[in-house]
Amino acid sequence: PLARWRAGYAGTSELRVEAAANAAADRSIAIVSAVDNGLRARYLVSWQMSWNSAGNTWLLDQPKVTLLQPDIAVITGGLAYPSEGIPPLTVFARNVNSGQHYRVDTVQNQSAYVLLVPAGTYEVFAYPQGDGTFGGGYTQFVPCGQNADCADHSMISVAVEAGGVATDIAVVDWYAPDGAI
């Protein structure tokens, strides 16, 4: 009920969406920061919208809320694939200094991702699940415009600070030469 929901946020003085994306046709994700009774916290929030035909309205369904530790950074962006749909992908962030990899798996036709990583500088790329030979990445091809005039497919380094969010890190370059990603 709305009254109970409002009462639960009586001490909330700030609520800010740092990043948001549609993960799939029916699922959304967001990074939300809140100040409640003077304490700041960050959350990874995901939910599904479902249609309630009896009430003729949309319902927030299957919410998931995860408290993020203060030293965690977030990398998020869109996904694409050179076909009519997007297969299930594994999206990686590789720390350029340590070589450490962080990953998240997606589902069929998921169009965005969120990676939780320690502060650092990363290269972001993806492979279809079960196929480690054909990769896509966040490269110079992306900001160039993703057309035939864009010949540079070198990876772009993404720096994120503790508690920071890097948005619009689009993993959409599937046209790099073999072995480049």
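The values are calculated or read from the model by the stated rules, or taken from the named source; none is laboratory data. Fair warning: this is a prediction, and the values are worked out from it, not measured in the lab. Cβ: placed from backbone, ideal geometry, glycine included. Neighbour counts: every protein chain shown. Just so you know, the surface numbers come from the protein's heavy atoms only, side chains and all, with ligands and any DNA or RNA stripped out. Shrake-Rupley method; radii C 1.70, N 1.55, O 1.52, S 1.80 Å.
A few notes on this one:
- Identity of the residue in the stretch 1-52, part of a loop (DSSP other than H, G, I, E, B) and in contact (Cβ under 8 Å) with a residue 12 or more places away in the chain, that ends up surrounded by the most Cβ atoms within 10 Å (Cβ to Cβ): Asp26
- Where a residue in the stretch 154-178 is farther than 26 Å from Gly85 by Cβ and its partner, wherever it lies, is of a type in the set (D, E, K, R), with Cβ under 6 Å and at least six apart: Ala162/Asp71; Val165/Glu18
- Pair list, Cβ under 8 Å, 6 or more apart: the stretch 126-145 residue at positive phi and without any contact (Cβ under 8 Å) to a residue 60 or more places away in the chain, other residue surrounded by 21 or more Cβ atoms within 10 Å (Cβ to Cβ) and not polar (S, T, N, Q): none
- Residue selected from the stretch 53-66 under the condition assigned to a strand (DSSP E or B) and at pLDDT 85 or above, by the criterion surrounded by the fewest Cβ atoms within 10 Å (Cβ to Cβ): Thr57
- Qualifying residue in the stretch 68-89 (condition: touching a His at 6+ places or on another chain (Cβ under 9 Å) and small (Gly, Ala, Ser)): no
- One residue stands out among those in the stretch 116-139 that are of a type in the set (S, T, N, Q) and in contact with a Ser or Thr (Cβ under 7 Å, 6 or more places away or on another chain): the one that is modelled with the highest pLDDT, which is Thr121.
- Qualifying residue in the stretch 95-115 (condition: modelled with pLDDT of 95 or more, open to solvent by less than 20 Å² (accessible area, probe 1.4 Å) and closer than 22 Å to Ala21 by Cβ): no
- Restricting attention to the stretch 72-86, the residues being touching a residue at least 12 places away in the same chain (Cβ under 8 Å) and either surrounded by fewer than 17 Cβ atoms within 10 Å (Cβ to Cβ) or under 19 Å from Ser28 (Cβ atoms) (or both) number 10.
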